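The values are calculated or read from the model by the stated rules, or taken from the named source; none is laboratory data. Quick caveat: nothing in here was measured; it's all calculated off a predicted structure. Cβ: placed from backbone, ideal geometry, glycine included. Neighbour counts: every protein chain shown. Ligands, DNA and RNA are stripped out before the accessible areas are found, and what is left, the full protein with its side chains, is counted by its heavy atoms. Shrake-Rupley method; radii C 1.70, N 1.55, O 1.52, S 1.80 Å.
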Amino acid sequence: MITIDRLLKQHLVQVAQHSQSIGWPHTLEDWASAMKLGYGFVAIEGHTVIGTMSWWPFGPDYATLGLAVVAPSHQRQGVGHHS
């Protein structure tokens, strides 16, 4: 079963590994910096992070989304699909 949780410091190692596994240059330090400025969610299966989505607020009415990653082992299985 997949659950959704807030992206926390303890998830960052797995998230950085996923982003690097798909060819993104983001390091653990990059992810930590991004989370100091914004927020994120993780998709978790068991104890494993399998996806993430981050967002950064711009005032009360606007935000930008980014750093959406699904682990290669779970791509094309609907993990990142909106429902």
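A few points about this structure:
- Distance between modelled label sites at Ser33 and Asp61, nm, 7 Å Cα→Cβ extension: 3.1
- 0 to 90° range, to nearest 10: angle between helix 28-37 axis and the chain longest Cα axis: 40
- For the chain, the solvent-accessible area works out to 70 Å² per residue, with a probe of 1.4 Å and every protein chain left in place.
- The simple Förster model, with R0 at 25 Å and r as the Cβ-Cβ distance, assigns Gln10 and Arg76 a FRET efficiency of 0.35.
- Within the accessible area of the chain, the carbon and sulfur atoms contribute 58%, probe 1.4 Å, all protein chains present.
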